[in-house]
Amino acid sequence: MNVLIVYCHPSKNSFTNVVKESFIKGLKEAGHNYQISDLYAEEFNPIMSETEYLREGFYDLNAPVPEEIIKEQEKINASDMIVFIYPDFWTSSPAMLEGWFQRVWTYGFAYGDNPTMKALDKALFLVTMGGTLDDEIRRTQLEAMKTVMVGDRIRNRAKICEVHVFDQMTRGYGNDQNRAERMDKFSKKAYELGKCLGK
């Protein structure tokens with residue numbers, strides 16, 4: 001299976017990075033092929049230009065798409081599956097990933113009368129969270145995130161969609177021992193998700 005990982009975190013000193021590395025380890029052991037768009041490391045520009053807006057806002061297929069966006073779209077169409085790995089920042093993904101969707105989901109590619117984006121076999125979200133899903137407010141926020149990510153951005157662009165949240169990962173606040181234990185548990189889960197992909 002060919003897998004595209006869209007990874008979005010500003011620091012290697014993070015549990016999100018551990019999730020990514022554990023998932024990739026599982027992918028490799030299962031013999032899957034993968035490529036990665038590491039948005040911070042690659043300094044992806046999340047800001048839509050006026051030219052891009054005018055293309056989208058007026059549904060203008062004759063207007064050019066930036067080369068760096070075409071490369072992201074080519075990665076998607078060369079893949080069977082897309083995996084998003086990122087932290088929950090204020091009930092959303094980091095601004096870098098928000099901008100990735102806004103710039104990569106172009107008219108004629110992700111939407112329109114005859115979009116050229118392939119229907120992926122699967123979309124997978126691996127989301128890290130400082131808070132706990134034991135709290136009702138966090139569960140409500142998670143459903144809101146799913147509405148945006150799964151209901152709107154993926155919708156019919158993948159045949160199957162899964163969201164896995166790794167919660168209670170905050171530093172401090174008396175959570176250090178729990179965080180260490182959950183880090184071990186969740187890194188193993190991320191590894192298994194990568195290893196058992198497609199089964």
Check: With point charges of +1 on the Cβ of Lys and Arg and -1 on the Cβ of Asp and Glu, referenced to the Cα centre of the chain, which listed residue (Asn13, Gly174, Gly57) lies farthest in the positive direction of the dipole?
Finding: Gly174
Next item on the list: Treating only the Cβ atoms of Lys and Arg (+1) and Asp and Glu (-1) as charged, compute the dipole magnitude of the stretch 89-137 about its Cα centre; round to the nearest 20 debye.
Entry: 360 debye
Next item on the list: Distance between Cα centroids, the stretch 154-197 to the stretch 63-93: provide it in whole Å.
Entry: 20 Å
Item checked: Backbone N within the stretch 90-118 under 16 Å of label point (7 Å from Asp135 Cα along the Cβ vector) -> 90-92
Item checked: Chain lengthening between Ile160 and Asp113 when straightened (0.36 nm per residue, less Cα-Cα) -> 14.7 nm
Notebook entry, point to check: With the other protein chains left in place, how much accessible area per residue, in square angstrom, belongs to the stretch 1-136 at a 1.4 angstrom probe?
Noted result: 48 Å²
Check: How big is the Kirkwood radius of the stretch 70-141, worked out from every pair of different alpha carbons and given in Å to one decimal?
Finding: 14.1 Å
Checklist line | GluC sites (Glu not before Pro) within the stretch 17-71: DSSP coil, no more than 10 neighbouring Cβ in 10 Å | finding: Glu43
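Convert 25 °C to kelvin, take the viscosity as 0.890 mPa s, use the Kirkwood radius over C-alpha pairs of the stretch 56-108 as Rh, and evaluate the Stokes-Einstein diffusion coefficient in µm²/s, rounded to a whole number.
Details: Rh = 12.8 Å.
After rounding, the answer is 192 µm²/s.
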Margin query: Based only on Cα atoms, what mean projected area does the convex hull of the stretch 104-192 have, in nm²?
Written below: 7.2 nm²
Next item on the list: Pop out the carbon and sulfur fraction of the accessible area of the chain as a percent, whole number, probe 1.4 Å.
Entry: 50 percent
Notebook entry, point to check: Based on the alpha carbon coordinates of the stretch 1-68, what radius of gyration and maximum Cα-Cα distance (Dmax) apply, in Å?
Noted result: 16.5, 46
Note to self: Please compute the length gained on full extension between Lys71 and Lys12, using 0.36 nm multiplied by the number of residues separating them and subtracting their Cα-Cα distance.
What the structure shows: 18.8 nm
Checklist line | Theoretical gain in end-to-end length, Glu192 to Ala144 [0.36 nm per residue, Cα-Cα removed] | finding: 14.6 nm
Margin query: Nothing charged except the Cβ atoms of Lys and Arg (+1) and of Asp and Glu (-1): what's the magnitude of the dipole of the chain about its Cα centre? Round to the nearest 20 debye.
Written below: 740 debye
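The values are calculated or read from the model by the stated rules, or taken from the named source; none is laboratory data. Everything numeric in this text was worked out from a predicted model, so none of it was measured. Please note: Cβ atoms are built from the backbone with ideal geometry, for glycine as well, and neighbour counts cover all protein chains shown. Note: accessible area is taken over every heavy atom of the protein model, side chains too, but ligands, DNA and RNA are not part of it. Shrake-Rupley method; radii C 1.70, N 1.55, O 1.52, S 1.80 Å.
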